[in-house]
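The values are calculated or read from the model by the stated rules, or taken from the named source; none is laboratory data. Worth saying up front: this structure is predicted, and the values here are computed from it rather than measured. Because the Cβ atoms are built from the backbone with ideal geometry, glycine has one as well, and the counts that use them run over all protein chains shown.
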């Protein structure tokens with residue numbers, strides 16, 4: 001019986017999404033017809049995803065919505081690495097957990113390619 005329990009735990013752990021450290025990593029993009037480039041630090045919000053924090057009064061929120069696919073330029077935390085471009089979907093725009101990041105919204109991102 002104990003062997004079955006260990007096997008199930010192993011399967012469950014392997015099924016969890018894994019993310020790399022996003023410390024000092026950032027993303028930039030131009031939403032819609034906007035001419036301004038917006039630059040944000042990436043945040044690792046959960047084991048299932050990452051995103052950016054945007055002030056609730058930011059003008060960028062007028063130009064993005066869930067389901068949008070944008071070309072985003074990702075900057076690594078390594079000084080000698082070149083930025084990488086990815087098609088990225090806006091997965092959600094939501095309130096952060098209670099008591100955290102007051103005055104901001106979480107914009108969840110998903111790299112498509």
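Quick notes on this structure:
- For segment 57-79, filtering for residues that are over 18 Å from residue 34 (Cβ atoms) and either surrounded by 11 or more Cβ atoms within 10 Å (Cβ to Cβ) or in contact with a strand residue (DSSP E or B) (Cβ under 8 Å, 6 or more places away or on another chain) (or both) leaves 4.
- Test: residue in segment 26-45 that is modelled with pLDDT under 75 and loosely packed, with under 10 Cβ neighbours inside 10 Å: no
- Whichever residue in segment 80-113 is touching a residue at least 24 places away in the same chain (Cβ under 8 Å) and over 21 Å from residue 29 (Cα atoms) and, among such residues, is surrounded by the fewest Cβ atoms within 10 Å (Cβ to Cβ): 103
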